Amino acid sequence: MDVKKQSHETLRLATDLYMFAWTIGLLWSYFTILREFTLQPSRFDVHIMSGETILALAIPVIRMYEVFSSNASLHFKAVYKRREPMRALVNVLWHYGEVVIAFASFFLIAIWSTGESFRMPPPGELFLQPLYFSFVTITTLGYGDYSPEQPIGQCLVVFEVFLGMVLLVVVLQKVLGIVGNEK
């Protein structure tokens, strides 16, 4: 194996590990916020939060910034599209999942900080509902079983739907590029 190909494979592995680490961080963030919410359902005060909770609040924001700024340019590079279209598609779908997890954390923060932002179950049943709501929202299914009742939740939903549409366009571009290259 030549040096150039070996360094390319090493870079691919490093990129995959980096994305996987961020996903683990997002899941940790979600469950940390969920734990804090169930331990202190009526207290959202930045002054009494632990450093761990503050980090858990920051991780989704940082990752969403990175996904939609620095990583977005990678998906539009012509070289990336031609050489590895399936890898580009998998990366976009991976980012789609990261957005779902991040917005589930944002929805938990909105519920925790404003009390009743969403028509959702009581805190004891609040394990998968934010993830479910985030997935239903980003895919624009909108079953109507959960809905935001206050402006902060409504703004989050609008922002997630917009980002979901952008990612959907990128996914469709990748799929059509792959199908077009096969013919």
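Points to keep in mind about this one:
- For the stretch 134-156, the criterion of being among the small types (Gly, Ala, Ser), touching a Phe, Trp or Tyr at 6+ places or on another chain (Cβ under 6 Å) and under 24 Å from Asn91 (Cβ atoms) is met by at least one residue.
- Residues (of a type in the set (Ser, Thr, Tyr), over 19 Å from Val90 (Cα atoms) and within 15 Å of the chain's Cα centre (by Cα)) located in the stretch 10-36: Ser29, Tyr30
- Qualifying residues in the stretch 1-54 (those that are open to solvent by 90 Å² or more (accessible area, probe 1.4 Å) and of a type in the set (Ser, Thr, Tyr)) - the one modelled with the highest pLDDT: Tyr18
The values are calculated or read from the model by the stated rules, or taken from the named source; none is laboratory data. Because the structure is predicted, anything quoted here is derived from the model rather than measured. With ideal geometry, Cβ positions are generated from the backbone for all residues, glycine too; neighbour counts draw on all protein chains shown. Heads up: the accessible areas ignore ligands, DNA and RNA and are worked out on the full protein's heavy atoms, side chains in. Shrake-Rupley method; radii C 1.70, N 1.55, O 1.52, S 1.80 Å.
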